[in-house]
Amino acid sequence: MTTINNPFVMYGYKGAEYFCDREKETEKMITSLHNERNITLVAPRRMGKTGLIHHVFQQLEKQYDDVKCFYLDIFATKNLEQMVQLMASEIIGKLDTISQSALRKVQEFFSSWRPTLTIDELTGIPTFSLDLKPNEGRESLKRIFEYMKQSGKRCYVAIDEFQQIMNYPENGVEALIRSYIQFLPNVYFVFSGSQQHMMEEMFLSANRPFFQSSLVMSLPCIAESKYLSFANRLLSSQKREVDVDTFTYIYSQADCVTWYVQAILHGIFEHRDEQINKDLVDEVIQELIEEQAMAYQNYCAWLTENQQLLLLAIAKEQVVSSPLSQQFILTHHLPATSSVKTALKALVDKQLINKTPKGYFVSDRFFAKWLAREYKNSVR
C-alpha cells in the first residue's frame, strides 16, 4: 500500500485502499471487458468516472496476464489530429519491450509519419509522437488501431469525455471510429462522458453509428452508509470519527457527488485537532470556496450580462426544470425568452450548467454556493 499524507484523495488514483466502494460497478466493468464487451460510462463530472476506470484497469492488470490498459482524456482536443497525437503518445511503444529490435519495428510500422522517440528518464518508458500532415489523421488513427491488433496483446482503452468528438470540425469522425474498432478482436473500449444528453444521443439513438455497440452504464451516488464507513476507516489513523448526523450534513452539502464529499473530508483531515461537527464542515466548505473565488470571478467575467443573470438565477433555485417558463423569467427579472434560450445554450456549451432529466443546475457545486452568496449580496 502506498502511504500518502492525506488519505482523502481529491485528484488522481492512489490505489484501492483509498477508493470508496463502487464494488458492483467495478465487478460489472471487469466482467464485461473480460468477456469482450465495450462499455459506455455516463455520469456528471466529479462523480468519480476517472477514478473508477483507473481502479478497474488496475484490477484487470492484477487478475490477468498480458493485459495492457490505456487511459485517454480527449476533453482538451479540438480536432481529430490532436486526438490521434494523444493516442500516439499514450499507446505507441507501450506494447513493446524497450529492445532495439522492438523499437525499430515500431518506427518501421509508422515510418510514413516519421515517429520521434523519447525515453522517460525516470521510468525508461518510450514515448512516440507522430509528424502528421494535414488530413492524415484518419489514416493515422487506423494505423494505431492496427498496431494494437497486431501486438497480439489484450488491450483495454478508455477514452474519457468521448462526446468531444462531436465538436471536431472533421465530418464523420463518429462513424470512422466505429468502423475501425468493430474489427479489433483483441481491443476493447470504455467510452466515458459527462455530457449526458450528448452521450445518450450517440449510444442510444438507433440512427447513430455507436447504437448497441456497448454496455451503457451510469454512476449513481455512493450509498451514504458505505461512504461513512470508508470515511471513519481512514479517519481512524487520527483517532477521530465522524458521527452519522454530521456525515449526513456533509453528504447533503456535497449533493452526494463523490469529489465534493472527498474535498470536504480532505479538509476535515487537515484540521486534525478540531472536533468533527457541522461548524467544522461549514468552515471547510468556506475555505474550499475561497480557494476558488478568483477562478469563479473569472468565469463570470467571461460571460455576457444575460448569461450572468441566468447563472445566478439557476444557482439560487439549485435545480430548474423549466428555465424558459414565464414564471421563472419574471421571478428572476430575466430578459425575453429568446435571450434566455440563447444564454442557456451558451452556459450548457461552456459546461457551466448541466442538463439532467430533473432539470438544469450549476455544474460546480461550490461555484453554485459562491453564486448564491453573491446573489444575496447583490439584492441587499
Answer yes or no: is there a residue in the stretch 341-351 that is part of a loop (DSSP other than H, G, I, E, B), modelled with pLDDT under 95 and open to solvent by 20 Å² or more (accessible area, probe 1.4 Å).
-> yes
Name every residue in the stretch 288-297 that is open to solvent by 70 Å² or more (accessible area, probe 1.4 Å) and in a helix (DSSP H, G or I), in order of residue number.
-> Glu290, Glu291, Met294, Gln297
Within the stretch 304-338, which residues are assigned to a loop (DSSP other than H, G, I, E, B) and buried (at least 18 other Cβ atoms within 10 Å of the Cβ)?
-> Pro323, His332, Leu334
For helices (runs of 4 or more DSSP H) lying entirely in the stretch 155-259, having 2 or more residues that are open to solvent by less than 20 Å² (accessible area, probe 1.4 Å), within 24 Å of Gln82 (Cα to Cα) and of a type in the set (Val, Ile, Thr) picks out 173-181
Residues of the stretch 1-20 satisfying the condition of being in contact with a Ser or Thr (Cβ under 6 Å, 6 or more places away or on another chain) and buried (at least 20 other Cβ atoms within 10 Å of the Cβ) | none
Would you please list the contacts, defined by Cβ atoms under 9 Å and residues six or more apart or on different chains, that run from a residue in the stretch 27-43 that is basic (Lys, Arg) to a residue that is open to solvent by 30 Å² or more (accessible area, probe 1.4 Å) and assigned to a helix (DSSP H, G or I)?
-> Arg37/Thr31
Which of the residues that make up the stretch 270-282 are assigned to a helix (DSSP H, G or I) and either more than 17 Å from Gln253 (Cα to Cα) or open to solvent by 40 Å² or more (accessible area, probe 1.4 Å) (or both)?
-> Glu270, Lys278, Asp279, Asp282
Applying the selection to the stretch 180-209, what residues are within 26 Å of Ile91 (Cα to Cα) and free of Cβ contacts under 8 Å to residues at least 40 places away in the same chain?
-> Tyr180, Gln182, Phe183, Leu184, Pro185, Asn186, Pro209
Can we say Ile285 is in a helix (DSSP H, G or I), within 24 Å of the chain's Cα centre (by Cα) and not small (Gly, Ala, Ser)?
-> yes
Of all residues making up the stretch 36-61, the number that are at positive phi and among the charged types (D, E, K, R) | 2
Every residue from the stretch 140-154 that is part of a helix (DSSP H, G or I), farther than 23 Å from Arg208 by Cβ and open to solvent by 60 Å² or more (accessible area, probe 1.4 Å) | Arg143, Glu146, Lys149, Gln150
Kindly provide the set of residues from the stretch 189-248 that are of a type in the set (D, E, K, R) and modelled with pLDDT under 95, ordered by number.
-> Glu200, Glu201
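The values are calculated or read from the model by the stated rules, or taken from the named source; none is laboratory data. These figures come from a predicted structure and were not determined experimentally. Neighbour counts are summed over all protein chains in view; Cβ atoms, including those assigned to glycine, are modelled from backbone coordinates with ideal geometry. Note: accessible area is taken over every heavy atom of the protein model, side chains too, but ligands, DNA and RNA are not part of it. Shrake-Rupley method; radii C 1.70, N 1.55, O 1.52, S 1.80 Å.
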